[in-house]
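Engineer: Quick one: the structure is below, and I'll ask about it shortly.
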Amino acid sequence: MTELVICGNCIDELERLSPESADLIFADPPYWMRVDGVLKRVEGTDFDGCQDGWDQFESLGDYEAFTESWLRGCCRVLKPSGSIWVIGGMQCIYTIGAIMQRLGFWFINDVIWHKRNPTPNFMGTRLNNSHETLLWAAKSKKAKYTFNYRTAKELNDENVTADEYAKGMRRQLGSVWRFPVCSGAERLRDESGQKLHSTQKPAELLHRIIAISSKLGDLVLDPFGGTMTTGAEAKRLGRQYIMIERDERYCEYGRQRLEAVRFEDAPIARAIYDQKPIRVTMEEMLAKRVFVPGEAFYMRSGEAVATLDKTGKLWLSGELLDMHTSAARARRVKAKRINGFDYWYVIRDGARVSISELREAYRESLASDDPLAGDAQ
Ligand SMILES: C[S@@+](CC[C@H](N)C(=O)[O-])C[C@H]1O[C@@H](n2cnc3c(N)ncnc32)[C@H](O)[C@@H]1O
């Protein structure tokens, strides 16, 4: 397992990483906020937005050159099947997006992170800036990037009522995500109780990104680590990570944060919702004695009985038919074939049991590949 915090300038450090080694990149680069003077809250106190040294650039040309350098580094390190997420505000995201397109990245989506509790516009001089934009891109148009579609749906608690959600109803995840900004206990504090970092991202945001666009065991890279939110969520979801951050203090706090995180094994982490069922055949289940040749297959209402042949086909009214054709015949429907697993039953312990249920039980008995097997967590 790679679990690494590198303290250094990402433009140099990306050069040292193996080419095409990362499955997923999340980048939260300097925004170049260009804040002039001190912003005052309505009640008169200073607002500590982002005026940090790492966010200062001389000119647009300077910012563009920096952006192009780290994006080139990311492009080199990203696997052809990988994808990259970049987050930014209005000050930088258009510059970044234009450079990404110039470098050949292919946009998959842009996502609006709508902040549920945005910082107010203290002066009332313009709209309250309540969102940031995320660009999600692949290395090329034809890239086969990971998207756990059903996991994304599972994570979507919007567009349905609480009641519908409790009943398991889910809708496609859209491109506007609503999360609060990082605050309260989640916010890292320094030894004097002050906010450690001005732009710590909410864990929920990274959790969603990593869960839907990578697989268990994948390598996640973040060139602008900050408080290590990406590494923490990667570890929680059973991914490997490499975090680069040039500020030693953030690295130090970040290492402590990562140390305390454990892998939380759960269907979301394993993208269980997206797993294709293991293909099993009737012949295989006959060989494993899930079914036995000569046994009777019934329709649920008992209106027809067929007999299982040693080939896995069924004898019905003197004809040897595959299970789907025989089901259509037994149900007297117009279609030539219907899914036999939905209609045939056998007797187990005196009760009628769906053959689909027996197939599921057999699937579950087959050992699944587990990339984390054997790792001490
Ligand atoms: C927007 S913040 C990232 C915050 C992070 N996503 C989090 O949740 O804490 C950008 C970070 O990049 C770091 N940084 C700026 N330029 C850098 C560079 N050239 N190489 C490495 N890190 C850099 C800054 O020190 C800062 O912590």
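Each value in this text was obtained by applying a stated rule to the coordinates, not by laboratory testing. Here the structure is a predicted model, which is why all the values come from computation and not from measurement. All Cβ positions, even for glycine, are placed from backbone atoms using ideal geometry, and neighbour counts span all protein chains on display.
Engineer: Can you give me the long-range amide H partners of LYS115? Hydrogens built in the peptide plane at 1.01 Å from N, cutoff under 5 Å, separation of 5 or more residues or another chain.
Structural biologist: Placed amide hydrogens put HIS131, GLU132 under 5 Å from LYS115.
Engineer: While we're here: So how do 346-356, 229-239 stack up, highest first, on mean other-Cβ count within 10 Å?
Structural biologist: Going from most to least packed, we get 229-239, 346-356.
Engineer: Moving to a separate point now. Working from Cα positions, state the angle (0 to 90°, nearest 10) between the long axis of helix 203-213 and the longest principal axis of the chain.
Structural biologist: Once rounded, one gets 50 degrees.
Engineer: Ranked from highest to lowest mean number of other Cβ atoms within 10 Å per residue, what is the order of the peptides 127-139, 208-220, 330-342, 72-84?
Structural biologist: Ranking, from highest mean packing down: 208-220, 72-84, 127-139, 330-342.
Engineer: Please work out the Cα center distance from segment 236-307 to segment 87-161, rounded to the nearest Å.
Structural biologist: When both Cα centres are located, 29 Å separates them.
Engineer: Please find the FRET efficiency linking VAL305 to GLU15, where r is the Cβ-Cβ separation and R0 is fixed at 56 Å, and quote it to the nearest 0.05. Numbers along the way, then the final one.
Structural biologist: Working: r = 71 Å, r/R0 = 1.26.
With a Förster radius of 56 Å, E is 0.20.
Engineer: Quick check on packing: order 320-329, 111-120 by the mean number of other C-beta atoms within 10 Å, highest mean leading.
Structural biologist: The most tightly packed comes first, giving 320-329, 111-120.
Engineer: Suppose a student asked you for the relative contact order of segment 208-289, using Cα pairs under 8 Å spaced at least 6 residues apart; what percent would you report?
Structural biologist: RCO, segment 208-289: 30 percent.
Engineer: Assuming R0 = 45 Å, what is the FRET efficiency of VAL292 and LYS334, from their Cβ-Cβ distance, to the nearest 0.05? Write down the numbers at each step before the final one.
Structural biologist: Values: r = 32 Å, r/R0 = 0.72.
Efficiency for this residue pair is about 0.90.
Engineer: Right, something else. I want the local charge near ARG348. Using Cβ-Cβ distances under 11 Å, sum +1 for each Lys or Arg and -1 for each Asp or Glu among the other residues.
Structural biologist: So the surrounding residues net to -2.
Engineer: In the Gaussian network model of the chain, springs joining C-alpha atoms below 10 Å, which of MET33, MET285, MET169 carries the largest mean-square fluctuation?
Structural biologist: MET285
Engineer: Next question. Among ASP62, ASP309, ASP28, which one shows the biggest mean-square fluctuation in a GNM of the chain, springs joining Cα atoms closer than 10 Å?
Structural biologist: Maximum among the listed residues: ASP309.
Engineer: Given points 7 Å out from each Cα along the Cα-Cβ axis, report the GLU360 to TRP54 separation in nanometres with one decimal.
Structural biologist: Those two pseudo-labels are separated by 4.8 nm.
Engineer: Let me ask another. What FRET efficiency do you get for ASP62 and ALA162 if R0 is 45 Å and r is their Cβ-Cβ distance, rounded to the nearest 0.05?
Structural biologist: On the way: r = 49 Å, r/R0 = 1.09.
About 0.35, to the nearest 0.05.
Engineer: If you take every DSSP beta bridge whose two residues both sit in the chain, what share of them, in percent to the nearest 5, is antiparallel?
Structural biologist: 60
Engineer: Quick one: grab the alpha carbon gyration tensor of segment 3-274, order the square roots of its eigenvalues as a ≥ b ≥ c, and give me rounded if a/c is under 1.5, else prolate or oblate depending on whether a/b is larger than b/c.
Structural biologist: Rounded is the answer for segment 3-274, as its axis ratio a/c remains below 1.5.
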